[in-house]
Amino acid sequence: MPGHFAGNRVTTRRTIVVMLVLGLVLLVVGALLATVEAHYPAHGVVGGLGVAAMAVGATLAISGLGAALVFGLVAGLGLATIGGGVLALSLRSGFAVRKRRVRTGAEGLVGQIGEVRRWDQASGSVALHGALWRARRSPTIDEDAGATLRAGDPVVVERLSGLTLSVRPAEDWELL
């Protein structure tokens, strides 16, 4: 029966080496997946898989090194908790950015207050953020809709059509 024990040792050693190598491969794959999530956001799907792969990889690698399975599970659970927390914070801040109001481009001009530089009947020029824009009056149903705009009057941008602003006179509460 001495051969029987020697065969078990070889099989056990081979299993340990396979667990260790598989654990290290999963750790590397998990780290790569987490990095991919950081550069190409997939709403946490790829990052979640990366965290899970790292947790399983840590458990296998630690168990493959000869430590108790409980120690490997605790390490894997700890790694999953930390990785999941970092992923959750990242996703939370990413979704918070999506809810912010647009500040640049054409959408960022709507609602901004400019100053009339020149006005003739229905159109003129308006200074806004250091640039001089062509402007026309927005159609409104106000009692002061007939009031003409003069140089120096504050106006509010309601929309942008090409390079022409549609503006209306600013109300007192908008100037505060």
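No value in this document is a laboratory result; all are computed from the given coordinates. Worth saying up front: this structure is predicted, and the values here are computed from it rather than measured. A quick note on method: Cβ atoms are made from the backbone with ideal geometry, for glycine too, and the neighbour counts reach across all protein chains shown.
Structural remarks
- Degrees, to the nearest 10: 2-39 long Cα axis against longest axis of the chain: 10
- Global form of the stretch 34-176, assessed from the alpha-carbon gyration tensor, a/c cut-off 1.5: prolate
- Normalised contact order of the stretch 83-160, rounded percent, pairs of Cα under 8 Å and 6 or more residues apart: 32
- Placing a label point 7 Å from the Cα of residue 25 along the Cα-to-Cβ direction, the residues of the stretch 49-82 with a backbone N closer than 19 Å are 49-66.
- Sites residue 39 and residue 17 - FRET efficiency at Förster radius 22 Å, r taken between beta-carbons, to 0.05: 0.10
- Exposure here means at most 15 other Cβ atoms within 10 Å; with GluC sites (Glu not before Pro) in a DSSP loop as sites, the longest stretch of the chain lacking them is 1-142.
- As a length-normalised measure over Cα pairs under 8 Å and 6 or more apart, the relative contact order of the chain settles at 14 percent.
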